[in-house]
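Okay, so here's the structure we're looking at.
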């Protein structure tokens, strides 16, 4: 079911279209607990970078603990 965005309905159709197209282009879906949310692309990139950093830290931690076990 579609919901009306009242602020948009007050604008001319041309402006409504431009705004909705911009929203679609600048937002990306993310799924959390089986729910899909639209988030800005910059936030999605931030999340991706944080995940990569956590993975790097995990690998370094595992390598460090392996080196300590052999001593």
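Every read-out reported here was derived from the displayed coordinates using simple, explicitly stated rules and does not represent laboratory data. Keep in mind the model is a prediction, meaning the values are calculated, not measured. All Cβ positions, even for glycine, are placed from backbone atoms using ideal geometry, and neighbour counts span all protein chains on display.
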Residues of the stretch 37-71 being under 30 Å from residue 5 (Cα atoms) and not in a helix (DSSP H, G or I), in sequence order, are 37, 38, 39, 40
Members of the stretch 1-36 that are loosely packed, with under 12 Cβ neighbours inside 10 Å and assigned to a strand (DSSP E or B): 29, 31, 32, 35, 36
